[in-house]
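Handing you this structure, nothing more for now.
The values are calculated or read from the model by the stated rules, or taken from the named source; none is laboratory data. Because the structure is predicted, anything quoted here is derived from the model rather than measured. Reconstructed Cβ throughout: ideal geometry from the backbone, glycine too, with neighbour counts over all protein chains shown.
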């Protein structure tokens, strides 16, 4: 996967405003909707925004922006599952991660192969966002470096690579063999910091992506891949055939206005305008399409903050719905499962293990598993969050029931309480403190986990966090993270109050010293 | 009539009962006397069908205790344990009325019965709305007793019902119990390690030690015709020393 890292940009405001208004059908005409996806890095946002604006101008359909989805697996599955109509992708990614066949190198073969899946690949947009090695212009001049072959024999140099680059087969191990390279020292650092390290002179060679915004601005020389090692990561649009056939005018407009129009230098400039100049992707896209409002360079900080604040009520509501619904489902499932586990101890062990295993699945992975089943958006997020909230509820219900005073349980049998009466009149009330503690834990956890829902288009505060992370913009991240933390505190407080209502009075007296 | 014939029960490595035979005559109070771990509580749990016997037979009024008959037998038994086993989330009235509620009595009938029992055990009406945590130890045991009596069962099984109480409350309640058992004509099995309680309450006494019956009989039998030296030792252990007896 190609990813983009960041400067510090802020797209969120405008982007979300449009995304949200688009998500709510305005009761307007029965025009079809084109659902456009993007991954969560700058270039993908810009390309998707270009697509969206062209679709809007073509006038055939309305646009639903589902931007900032968390990675190839999620976006592709959403497209294949009919949840998206089109999104920007790279040929290398299509071959390696989607078709899982690095041998697919020509566009014709790729088109045939994705056609089997009901998909269409557009003409190349014109740039290749590939890995490359770069040196400072000064170093290039001093050592006469223009190509990767020129690096051979320069063992005195120090290299700084992306964490992924060192292990990938199409990274350093292969490159080293292919060109016979060797460096005095190879270090690893987050890509975002590589340009700064190069400028400081502490390192000589860094990994770059060939459309990095910095390449448009800094004194950096990208070394040509003269012996053709790096696979192509040519940008294309990946679309559903149904969409292409049903909105031919729109598709034609996309091909006409994007294909071959974006070379490496142009894309790097657009990335720089977002990453380094802090313009919104929407403004940059509009300006590129010549429909911009003569965009000012930079949105004022106060405007950005105001835009974020306008989004907060809607995002808060979405987040509350995510937490509330998934918690309700988790309680409705978890308490009976806990009861079952306590009744059938052997089955219970299996059950607790199963719920425990669910918890060990990274939240993001669990979310992406949901896509083939439920597509993208709120429903799969709710399912994943509900599953995630199960463990504390099942475990505490089980623990509360099996740790009851055996005398009280025996007495219930002698008194003539069996089945549901014993459960409802005696066991659940006695275990209520423990069960409620489990539900409280689940609720607070879910407020945090729900921020991940944004990766599959589930909305909520995570939308701001995902956008902020993609664009390395602390203000946007905090605009999502702080309300989320506050909501967690509020939920905790709410449950403290609720305990007073839900725990039987007699138990509370026992709980307090007399 | 409660009959145990050659009953043994083992919990893991611990032999709780070892060949115990025992007959409790109707309308008598039969005391199971013994130290900790003598197996006396296990006898009650076997009669209630809460645990099955490993070998031997347990029968109540001729019906053998087993999974099929347990429910019917429990219906005819009131059970009180040392700490009361009251439900902390229910008020006194809620606890006392629970067996009746479990059997679908109408609310008014339950209330009437609870009030009747409160008079019987001299329990003040305002306390009926209190939770167990708001009651004294003696009050809690009265509640537990009321609950055992609410369905008017012919049999009462009492497992150290006064064991956790202070001496004064204990003596007071012992007196009340004697009178009540006589008036209500219940068949009572009472488990205790307290010789005084056995003397005051027991028509018949069975002394148990390490899961075996040491001696059956009246208090007089045990005191005057002890089957083994252990019987005398057990009875004497709780007698005040002569020097202390002079004070009374």
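Report the residue count in the range A:310-360 for those that are without any contact (Cβ under 8 Å) to a residue 24 or more places away in the chain, surrounded by 15 or more Cβ atoms within 10 Å (Cβ to Cβ) and under 24 Å from residue A:73 (Cα atoms).
0
Let me spell it out: the conditions are (1) at pLDDT below 90; (2) within 27 Å of residue A:343 (Cα to Cα), and residue A:415 meets all of them except one. Which number is the exception?
With respect to (1) at pLDDT below 90; (2) within 27 Å of residue A:343 (Cα to Cα), residue A:415 is out only on (1).
Tell me the residue from B:81, B:114, B:60, B:47 that is surrounded by 16 or more Cβ atoms within 10 Å (Cβ to Cβ), closer than 14 Å to residue B:145 by Cα and either more than 9 Å from chain A (Cβ to nearest Cβ) or more than 22 Å from the chain's Cα centre (by Cα) (or both), please. Lay out the reasoning, then the answer.
Values: B:81 fails: either more than 9 Å from chain A (Cβ to nearest Cβ) or more than 22 Å from the chain's Cα centre (by Cα) (or both); B:60 fails: closer than 14 Å to residue B:145 by Cα; B:47 fails: closer than 14 Å to residue B:145 by Cα.
When all the criteria are applied, what remains is B:114.
Is it the case that some residue within the range B:45-62 is assigned by TED's automatic domain parsing to the domain that holds residue B:129 and assigned to a helix (DSSP H, G or I)?
Looking only at the range B:45-62, we keep the residues that are assigned by TED's automatic domain parsing to the domain that holds residue B:129, and these are none.
There is no residue in the range B:45-62 that is assigned by TED's automatic domain parsing to the domain that holds residue B:129 and assigned to a helix (DSSP H, G or I).
Please find, within the range B:97-111, the residue that is surrounded by the fewest Cβ atoms within 10 Å (Cβ to Cβ) out of those that are assigned to a helix (DSSP H, G or I) and away from every other protein chain (no Cβ under 11 Å).
Of the residues in the range B:97-111, the ones assigned to a helix (DSSP H, G or I) are B:97-102, B:107-111.
With the extra rule that they be away from every other protein chain (no Cβ under 11 Å), the set shrinks to B:107-111.
Details: B:107: 10, B:108: 8, B:109: 11, B:110: 20, B:111: 15.
Per the stated criteria, the residue is B:108.
Let me ask something else about it. Take the range A:407-431 and flag every residue that is within 29 Å of residue A:326 (Cβ to Cβ) and either away from every other protein chain (no Cβ under 11 Å) or not in a helix (DSSP H, G or I) (or both).
The first filter runs over the range A:407-431 and keeps only residues within 29 Å of residue A:326 (Cβ to Cβ), leaving A:420, A:423-424, A:427-431.
Those that are within 29 Å of residue A:326 (Cβ to Cβ) and either away from every other protein chain (no Cβ under 11 Å) or not in a helix (DSSP H, G or I) (or both): A:420, A:423, A:424.
For the list (1) within 30 Å of residue A:243 (Cβ to Cβ); (2) free of Cβ contacts under 8 Å to residues at least 24 places away in the same chain; (3) within 30 Å of the chain's Cα centre (by Cα); (4) assigned to a helix (DSSP H, G or I), I need the number of the one condition that residue A:101 fails.
(4)
If you go through the range B:117-154, how many residues are out of contact with any strand residue (DSSP E or B) (no Cβ under 8 Å at 6 or more places or on another chain), more than 12 Å from chain A (Cβ to nearest Cβ), closer than 22 Å to residue A:412 by Cβ and not in a helix (DSSP H, G or I)?
Here the count works out to 1.
Check whether at least one residue in the range A:486-504 is more than 43 Å from the chain's Cα centre (by Cα) and either assigned to a helix (DSSP H, G or I) or within 30 Å of residue B:129 (Cβ to Cβ) (or both), and report yes or no. Step through it out loud before you land on a result.
Filtering the range A:486-504 down to residues more than 43 Å from the chain's Cα centre (by Cα) leaves A:504.
From what's left, either assigned to a helix (DSSP H, G or I) or within 30 Å of residue B:129 (Cβ to Cβ) (or both): A:504.
Looking through the range A:486-504, at least one residue is more than 43 Å from the chain's Cα centre (by Cα) and either assigned to a helix (DSSP H, G or I) or within 30 Å of residue B:129 (Cβ to Cβ) (or both).
Among (1) in a helix (DSSP H, G or I); (2) in contact with a strand residue (DSSP E or B) (Cβ under 6 Å, 6 or more places away or on another chain); (3) in contact (Cβ under 8 Å) with a residue 40 or more places away in the chain, which single condition is residue A:66 missing?
Result: residue A:66 passes all but (1).
Yes or no: residue B:152 under 30 Å from residue B:7 (Cβ atoms), surrounded by fewer than 20 Cβ atoms within 10 Å (Cβ to Cβ) and either assigned by TED's automatic domain parsing to the domain that holds residue B:30 or without any contact (Cβ under 8 Å) to a residue 40 or more places away in the chain (or both)? Even if it seems obvious, please write down each step before you answer.
On the way: under 30 Å from residue B:7 (Cβ atoms): yes; surrounded by fewer than 20 Cβ atoms within 10 Å (Cβ to Cβ): yes; either assigned by TED's automatic domain parsing to the domain that holds residue B:30 or without any contact (Cβ under 8 Å) to a residue 40 or more places away in the chain (or both): yes.
Yes.
Scan the range A:232-263 for residues that are surrounded by fewer than 20 Cβ atoms within 10 Å (Cβ to Cβ) and in a loop (DSSP other than H, G, I, E, B) and jot them down.
A:232, A:259, A:260, A:261, A:263
Shifting gears a bit: Filter the range B:63-78 down to the residues that are within 7 Å of chain A (Cβ to nearest Cβ) and surrounded by fewer than 16 Cβ atoms within 10 Å (Cβ to Cβ) and list them by number.
B:75
Sort through A:381, A:437 and tell me the only one that's within 27 Å of residue A:82 (Cβ to Cβ), away from every other protein chain (no Cβ under 11 Å), outside any loop (DSSP other than H, G, I, E, B) and at pLDDT 90 or above. Walk me through how you get there before you give the answer.
Working: A:437 fails: within 27 Å of residue A:82 (Cβ to Cβ).
Among A:381, A:437, only A:381 is within 27 Å of residue A:82 (Cβ to Cβ), away from every other protein chain (no Cβ under 11 Å), outside any loop (DSSP other than H, G, I, E, B) and at pLDDT 90 or above.
Could you go through the range A:398-418 and let me know if any residue there is in contact with a strand residue (DSSP E or B) (Cβ under 6 Å, 6 or more places away or on another chain) and farther than 22 Å from residue A:508 by Cβ.
Quick first cut of the range A:398-418, residues in contact with a strand residue (DSSP E or B) (Cβ under 6 Å, 6 or more places away or on another chain) only: A:414.
Retained after the next criterion (residues that are farther than 22 Å from residue A:508 by Cβ): A:414.
Yes, the range A:398-418 contains a residue that is in contact with a strand residue (DSSP E or B) (Cβ under 6 Å, 6 or more places away or on another chain) and farther than 22 Å from residue A:508 by Cβ.
OK, next. Before we move on, is residue A:404 outside any helix (DSSP H, G or I), within 14 Å of chain B (Cβ to nearest Cβ), touching a helix residue (DSSP H, G or I) at 6+ places or on another chain (Cβ under 9 Å) and surrounded by 14 or more Cβ atoms within 10 Å (Cβ to Cβ)? Please lay out each step first, then the result.
Numbers: outside any helix (DSSP H, G or I): yes; within 14 Å of chain B (Cβ to nearest Cβ): yes; touching a helix residue (DSSP H, G or I) at 6+ places or on another chain (Cβ under 9 Å): yes; surrounded by 14 or more Cβ atoms within 10 Å (Cβ to Cβ): yes.
The answer is yes for residue A:404.
Tell me, which residue of the range B:84-96 that is within 26 Å of residue B:179 (Cα to Cα) and not in a helix (DSSP H, G or I) is nearest to the other protein chains (Cβ to nearest Cβ)?
B:85
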